[in-house]
1. State which stretch of the chain is the longest one without any exposed GluC sites (Glu not before Pro), exposure meaning a DSSP loop state and at most 12 other Cβ atoms within 10 Å.
2. Please tell me the relative contact order of the chain in percent, rounded to the nearest whole number, where contacts are Cα pairs under 8 Å and at least six residues apart.
3. Less than 18 Å apart at the alpha-carbon level, and either on another chain or at least 8 residues along: which aspartates and glutamates does that give for residue 242?
4. Is the range 115-179 best put as rounded, prolate or oblate by its Cα gyration tensor, with a ≥ b ≥ c the root eigenvalues, rounded for a/c under 1.5, and otherwise prolate when a/b is larger than b/c, oblate when not?
5. What are the membrane-span-like helices in the chain by this rule: whole DSSP H runs, Cα extent along the axis at least 15 Å, mean Kyte-Doolittle hydropathy at least 0.0?
6. Set the Förster radius R0 to 30 Å, insert the Cβ-Cβ distance between residue 88 and residue 38 as r into 1/(1 + (r/R0)^6), and round the FRET efficiency to 0.05.
7. Where the only charges are on Cβ atoms (+1 Lys, Arg; -1 Asp, Glu), what is the dipole of the chain about its Cα centre, to the nearest 20 debye?
8. Pop the C-beta distance of residue 111 and residue 66 into the FRET formula with R0 = 41 Å and round what comes out to the nearest 0.05.
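What follows is calculated from the coordinates using simple rules that are stated; it is not laboratory data. All figures in this text were calculated on a predicted structure; none of them were measured in a lab. Here the Cβ positions follow ideal geometry from the backbone for every residue, glycine too, while neighbour counts run over all protein chains shown.
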Amino acid sequence: MQEDRSDGGVRSVQLALDVLETVAFSSEELGVTQLAQRLKLTKGSVHRHLLTLVERGYLVQNPTTTRYSLGPRSRLLAHHAPDADLIQLAAGPMRDLRDRLGHSVVLSESTPRGALVLSMMPGTAAIEIGVRSGSELPFHSSAQGKVLLAFAPRPQQQRILARPLSSSTPHTVIDPKPLEDELARIAQLGFATAPEQAMLGINAVAAPIFDEHDACAGALALVGSIQFLPAEPDANSISALKTAAGQISRMLGHGRAGSLSDARLARQRTA
């Protein structure tokens, strides 16, 4: 069986990680049939990977329900995560921002494929609008992805924009040139929007989070209905969002040696 992928990865590893992540980000135990349906794989393929993950201790099977959940080795890896955990540090500012504006607040960080949603603080409206943790949002059609890309090194921007870009709605921009211009504006203004670009009726506004090395460590976003979070957000919302992102950045050590530095700008152009 051909295991190597054209992009240099190994398909069996990719599938095993897909199974592990699907179980990890689920709010309930999952069975083989559920996993196969969510991953669009055969039950036989899913079962083979489950056996390996259970044998290695990353998953456990409930003997009563025969369904799967995270195992001790997965929890051990989480225990060895850095003390300055972005999710934990961001929880307070996210809650304050949600309580002040009422919108859902989403925390993301960059992966090679887009903006990975780490956590979401539901808004106060009767109808909840948000993004599930573990979801990956495209760089070009999400406010979080645009912010992460705008503050990424220039070569990374070029690699992402050179890929075929898919259109999620009629408002999604897939032409690299306008996207490059938008990234430059985002880097200058310090925030990004994506009105109805990922989903009709939904807008998001995101600001960058920086770490002690002056690198973009993540993105903080407001997410809501276009009715209440318009394409051009009000100055108060943008200011509150930037303030919260700044609080998280300072907790990560940003600004101890000064404010936004020329070193980061140079790294963006050459790294």
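1. Here the longest run is 129-271.
2. About 14 percent, as a whole number.
3. Straight-line reach from residue 242, under 18 Å: 96, 99, 109, 211, 212, 214, 232, 234.
4. prolate
5. Membrane-span-like by this criterion, though nothing is claimed about a membrane: 11-24, 235-251.
6. The value I calculate is 0.60.
7. 420
8. Between residue 111 and residue 66 the formula returns 0.80.
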